[in-house]
C-alpha cells in the first residue's frame, strides 16, 4: 500500500467509526424511547428502567413521580375508607340519592331505621321504599322548591315503633342527602313533661277547688256554724295536707332528678330501718293488717339513710294502702341469689300485667279513683325508682291481680358493710 492510499483509508475508517457510534447511540435512544412508550401505554405492566445518560435523569424523575402518585393513591384510599367507616358508625341514618331520587349508598343506621337491605335496595326509588304519606308529601315539596326540608315519621310496629326525623337536603349538584335521626326518646320525654305539667295542675286544682268552695260558704250572709263549720274546716285541712304532701313529693323528685352528686355514703342499719317502717305501717294501718318482718339478716348497707327510708317507706305504705283489711304485708331484708335484697310482699288487690311497666311514671295510676281515695300523690314509685338508681339498684315488680304483689330491690354486695 502506498502512503497516499494509507492516508485516504484513515479518514474513511474514522468516518465509519463515527457512523457506528452514532448508530449505536441512536439505537440506544430508540430503545429507551420504546421502553418509555411501552410504560406510558401500560404503566401497570411495565416497570420504569434505570436508563442511561440523559435518560437516567428522566427515568429517575418518572420513578419519583410514580412513587409519589402511588403514595397519594394509597393515602386517598385510606382517607376514603376512614370516611366510609365514619359514615357507617354515625348514629344517624345517611342515604345518598341521585338526581332521580334513586338510592346510591346508605349506611348501617339507615338500614336499621327503615329495614333496608343494601344488596336489594340500592338503585331503588326512595319513594317506593318509604311509603308513608308524610314522606311522599315531603318529596313533592322538595322537588317543587329544592331546599332543606324535614318531617317526622313513625316506622316499625308491634311495640317496636320508632319516631324518625327525616331531612332532605341538596347534595353534590344534582344529588340529595337523606338524613334520618331517631328522636323517639326526645318526643317521649316531651310528652312526659307535657303530661307532668297537666297532671300537677290537675292534682293541685282538685284540692284548691274544694278549699275555695268551702271558703265561699264562709263568705255568705249565713256562714256555716257549729258542727257544719267544724266539718268544713276538717275537710279543708285534709285537702291542704294533700297539697302539702304533693308539693313535698314534687320537691323530693326534683332534687333526685337534678342532683349530680352521689348519695351520702352513710352506714344504714337496714334491720333497724325495717323495724321503724313496720311501726309506721302499723300506725297507718290502724290495726287493719298483719304486718311482719320475715327476715332481716342481710346486715348494714352503705348509702343515704334518708333516701332509702323514703324509698322503702313508699313501698311499705303502698302495700298498706292497696291491701284490703285483714290482709298480710311481709317485709324482708335478705340475701337472694347472693345479693342483699329488700322486698315488700302483700296480699292486696294486685296489678294487671299491662300496667306494671308504667308504674314508676310520675302520676301514673292503675285506678285513679282508688289512688286518690288512698291518699297517694302518684309520685311515690317515681321517687323509689330514682333513689334505687342512685344506689345502683332497680325496682322489680311481680304481681297477680286478686292475689297480691311483690316489690323488691336488689343491691350489689359491695354496698354491704
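The values are calculated or read from the model by the stated rules, or taken from the named source; none is laboratory data. The model shown is predicted, which means the values in this text are computed figures rather than measured ones. As a convention, Cβ positions derive from the backbone with ideal geometry for all residues, glycine included, and neighbour counts pool all protein chains shown.
I'd like to check something: does segment 332-340 contain any residue that is farther than 29 Å from residue 286 by Cβ, surrounded by 21 or more Cβ atoms within 10 Å (Cβ to Cβ) and in contact with a strand residue (DSSP E or B) (Cβ under 6 Å, 6 or more places away or on another chain)? Full working, then the answer.
Quick first cut of segment 332-340, residues farther than 29 Å from residue 286 by Cβ only: 335-340.
With the extra rule that they be surrounded by 21 or more Cβ atoms within 10 Å (Cβ to Cβ), the set shrinks to 340.
Of the ones still in play, those that are also in contact with a strand residue (DSSP E or B) (Cβ under 6 Å, 6 or more places away or on another chain) are 340.
Checking segment 332-340: at least one residue is farther than 29 Å from residue 286 by Cβ, surrounded by 21 or more Cβ atoms within 10 Å (Cβ to Cβ) and in contact with a strand residue (DSSP E or B) (Cβ under 6 Å, 6 or more places away or on another chain).
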- Message: Let me confirm something: among 246, 251, which residue is assigned to a helix (DSSP H, G or I), surrounded by fewer than 11 Cβ atoms within 10 Å (Cβ to Cβ) and not assigned by TED's automatic domain parsing to the domain that holds residue 340?
- Response: 251
- Query: Looking at segment 273-292, is at least one residue touching a strand residue (DSSP E or B) at 6+ places or on another chain (Cβ under 8 Å), part of a helix (DSSP H, G or I) and free of Cβ contacts under 8 Å to residues at least 12 places away in the same chain?
  - Reply: yes
- Has segment 83-104 got at least one residue that is modelled with pLDDT of 75 or more, surrounded by fewer than 14 Cβ atoms within 10 Å (Cβ to Cβ) and more than 20 Å from residue 178 (Cα to Cα)? no
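State which residue is farthest from residue 182 (Cα to Cα) when the search covers only segment 144-155 and only residues that are surrounded by fewer than 16 Cβ atoms within 10 Å (Cβ to Cβ) and touching a residue at least 12 places away in the same chain (Cβ under 8 Å).
Here is the first cut: in segment 144-155, the ones surrounded by fewer than 16 Cβ atoms within 10 Å (Cβ to Cβ) are 144-150, 152, 154.
Add one more test, that the residue is touching a residue at least 12 places away in the same chain (Cβ under 8 Å), and what stays is 146-150, 152, 154.
Details: 146: 24, 147: 22, 148: 18, 149: 16, 150: 13, 152: 10, 154: 10 Å.
Result: 146.
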- So which residues in segment 342-365 are in a strand (DSSP E or B) and surrounded by fewer than 19 Cβ atoms within 10 Å (Cβ to Cβ), if there are any at all? 345
